[in-house]
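Only one structure is covered here, and it is reproduced in the block below.
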Amino acid sequence: SEFENGQNLLDTAVEEVRTISRNLQPSSLKNMGLVAAINDLLNRYIGEEYPDIDFQHYNITKDLDNLVATSVYRIIQELLNNAIKYAKAKEIIIQLNREDEELVISFEDDGIGFDPKNIEKGMGLDNIQSRVTYLKGDLQIDSQKDIGTSYHIHVKVTDE
């Protein structure tokens, strides 16, 4: 009886987390797809106080799995926030490409760089790594002081 009660509570908690996750999804992502949602996100960073952002994409369809699309959106959002807030980048290049069953994200900035082995808490890189790991992907970071940082992410994808 106690085990069954615990199992029911766990099932309820999991369902609530799923509901919250769905509610946190940007409406542009659901309605128009990943590329349009990223463009919408980038439109918030136009002006002299923001870096120049170049977004390139190839072979990204609207029928990406919803969980993958949301995770990729959040990864790019976090990388963008880091480049602006911490790296003080003046230029950012984001590339998003579909290669067979893999999505490749390349994110580069010309900011101040950092030591990837000595990451400050609060930079959100743990969140990025967690999302990439959840998607059974791979994250590579290359950063050099006063030159900038590049992130290369590969994740497996399926269509809905």
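The values are calculated or read from the model by the stated rules, or taken from the named source; none is laboratory data. Since this is a predicted model, take the numbers as computed values, not measurements. FYI the Cβ positions are ideal-geometry reconstructions off the backbone, even for glycines, and counts take in every protein chain you see. Heads up: the accessible areas ignore ligands, DNA and RNA and are worked out on the full protein's heavy atoms, side chains in. Shrake-Rupley method; radii C 1.70, N 1.55, O 1.52, S 1.80 Å.
Descriptive notes on the structure:
- Rounded accessible area per residue of the chain, 1.4 Å, Å²: 63
- Backbone geometry of the stretch 36-45 corresponds, through the Karplus equation with coefficients 6.51, -1.76 and 1.60 at θ = phi - 60°, to 3J(HN,Hα) couplings of 5, 5, 5, 4, 4, 4, 5, 5, 6, 10 Hz, x marking Gly and Pro.
- A cut-off of 5 Å between modelled amide H atoms, ignoring neighbours fewer than 5 places along the same chain, links residue 157 with 102, 103.
- Backbone phi angles across the stretch 6-11, fed through the Karplus curve with coefficients 6.51, -1.76 and 1.60 (θ = phi - 60°), yield HN-Hα couplings of x, 4, 5, 5, 5, 4 Hz in residue order; Gly and Pro are listed as x.
- Whole-Hz ³J(HN,Hα) from phi, Karplus 6.51 cos²θ - 1.76 cosθ + 1.60, for the stretch 102-115, glycine and proline x: 9, 9, 10, 10, 10, 10, 10, 9, 9, x, 6, x, 6, 8
- Most fluctuating residue given options 78, 108, 48, as computed from a GNM of the chain linking Cα atoms under 10 Å: 48
- Among 12, 70, 61, residue whose mean-square fluctuation peaks in a GNM of the chain (springs only between Cα atoms under 10 Å): 12
- Restricting the trypsin sites (Lys or Arg not before Pro) of the stretch 68-116 to loop positions (DSSP other than H, G, I, E, B) with no more than 15 neighbouring Cβ atoms within 10 Å leaves 88, 90.
- Choice from 148, 47, 124 with maximal GNM fluctuation in the chain (Cα, 10 Å cutoff): 47
- Rg over Rh [alpha-carbon atoms, Kirkwood Rh] for the chain: 1.03
- Of all beta bridges that DSSP places with both ends in the chain, some 75 percent have antiparallel geometry.
- Cross-link pairs 30/62; 117/156; 88/117; 85/145; 90/117; 88/145 - those with Cα-Cα distance over 18 Å: 117/156; 88/117; 90/117
- The stretch 1-133, dipole about Cα centre (Lys/Arg Cβ +1, Asp/Glu Cβ -1), debye to the nearest 20: 320
- Relative contact order of the chain, defined on C-alpha pairs under 8 angstrom at six or more residues apart (%): 21
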